[in-house]
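Just so you know, all these numbers are worked out from the coordinates, no wet-lab data involved. Given the structure is predicted, the values throughout are model-derived calculations rather than measurements. Neighbour counts are summed over all protein chains in view; Cβ atoms, including those assigned to glycine, are modelled from backbone coordinates with ideal geometry.
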Amino acid sequence: MRGIAIVTGGTRGIGAGISKALHNAGYKVAANYNKGEAAARKFQEETGIETFAWDVADYQSCEKGIAEVCERLGGPVDILINNAGITKDGMFHKMTYEAWQSVININLNSVFNMCRVVIPGMRDRRFGRIINISSINGLKGQIGQVNYSASKAGVIGFTKALAQESAAKNITVNAIAPGYISTDMTDVLSEETKAHITSGIPIGRFGVVDEVAAAVLFLVDDKASFITGTVLNVNGGQYM
Ligand code: NDP
């Protein structure tokens, strides 16, 4: 079994599903979060998975946080799942500078912050698995989500470029683009909006976190060593 797997935003929603799936498969998991202290405590008690608080939008905090993970769990980071993300929706002509900055910082700059810290070690050890959680809306765009769609499209370009740079060092870098998945993020949608979205999903329902976690398990496995730079859609057929 490999070294440590870090899951950012790993204590709630899709990230919690990923953390649990990796843990159950025998990986040594560190679940990061930012402000959701109570949820993190409950998650750690229920799962036995170690949790670590830092803001992925801040480079120095990532350096410090990753160092703490390595010290507490003992070992290098072999697997990184960049999952933390937020939405701050609104029509572009009304979008504030803050709504733009915070979404780009948390969804895209975080991927730089985390990868920049772990990549040198992965290159030295000649092994790594990086999975970046993008979104269907980074591929197709979405009204009210110029900031979010731009951040998630950026994640895909980042993934493909880093995959090319890292392939010779036996590091794979892939993205997963989930469609609509039932979590706190989508629970804020009205029932009417959910019904409208569901009518456009050929499978006829929102996805569940375990369906994204299954894709992560597949891509981190040694058997997936020839898959890099790809974007795996997990969207019930909503966008092809
Ligand atoms: P949730 O809102 O349920 O959970 C978000 C997680 O990200 C929380 O654990 C949160 O931590 C963490 N987080 C937010 N900001 C930061 C930060 N600055 N530093 C560290 N952690 C942070 O979201 P989902 O589970 O729904 O989404 C997970 C990922 O999947 C996101 O990147 C999202 O964009 C993407 N996605 C989701 C879809 C969906 O339908 N749900 C569809 C497509 C993509 P805390 O508890 O501390 O707030």
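For the range 65-88, a residue qualifies if it is within 13 Å of the ligand (Cβ to nearest atom) and either in a loop (DSSP other than H, G, I, E, B) or without any contact (Cβ under 8 Å) to a residue 12 or more places away in the chain (or both), and the qualifying residues are N83, A84, G85, I86, T87, K88. Here I227 meets each of (1) in a helix (DSSP H, G or I); (2) surrounded by 13 or more Cβ atoms within 10 Å (Cβ to Cβ); (3) more than 16 Å from the ligand (Cβ to nearest atom) with one exception, condition (1). Across the range 1-35, the number of residues qualifying as under 19 Å from D210 (Cβ atoms), more than 6 Å from the ligand (Cβ to nearest atom) and either in contact with a Gly (Cβ under 8 Å, 6 or more places away or on another chain) or among the small types (G, A, S) (or both) comes to 13.
Taking into account only those residues within the range 152-186 that are within 8 Å of the ligand (Cβ to nearest atom) and out of contact with any strand residue (DSSP E or B) (no Cβ under 9 Å at 6 or more places or on another chain), which is farthest from M95 (Cα to Cα)? Out of the qualifying residues, it is T183. Among the residues making up the range 14-35, those that are buried (at least 20 other Cβ atoms within 10 Å of the Cβ) and in a helix (DSSP H, G or I) are I14, G15, A16, G17, I18, S19, K20, A21, L22.
Within the range 36-54, can you find the residues that are over 22 Å from T186 (Cβ atoms), near the ligand (Cβ under 10 Å from one of its atoms) and buried (at least 19 other Cβ atoms within 10 Å of the Cβ)? Residues satisfying the conditions are T51, F52, W54.
Annotation note: of A99, A150, A163, the sole residue that is in contact (Cβ under 8 Å) with a residue 40 or more places away in the chain, buried (at least 16 other Cβ atoms within 10 Å of the Cβ), farther than 21 Å from V69 by Cα and in contact with a Lys or Arg (Cβ under 8 Å, 6 or more places away or on another chain) is A99. C62 meets the conditions (1) under 18 Å from V103 (Cα atoms); (2) within 7 Å of the ligand (Cβ to nearest atom); (3) in contact with a Ser or Thr (Cβ under 8 Å, 6 or more places away or on another chain) in every case but one. The failed one is (2).
Consider G121 carefully, then state whether it is over 17 Å from N174 (Cβ atoms), touching a Pro at 6+ places or on another chain (Cβ under 6 Å) and surrounded by fewer than 19 Cβ atoms within 10 Å (Cβ to Cβ).
yes
Is it the case that the range 202-209 has a residue that's closer than 29 Å to I119 by Cβ, over 13 Å from the mean Cα position of the chain (by Cα) and more than 12 Å from the ligand (Cβ to nearest atom)? Within the range 202-209, not a single residue is closer than 29 Å to I119 by Cβ, over 13 Å from the mean Cα position of the chain (by Cα) and more than 12 Å from the ligand (Cβ to nearest atom).
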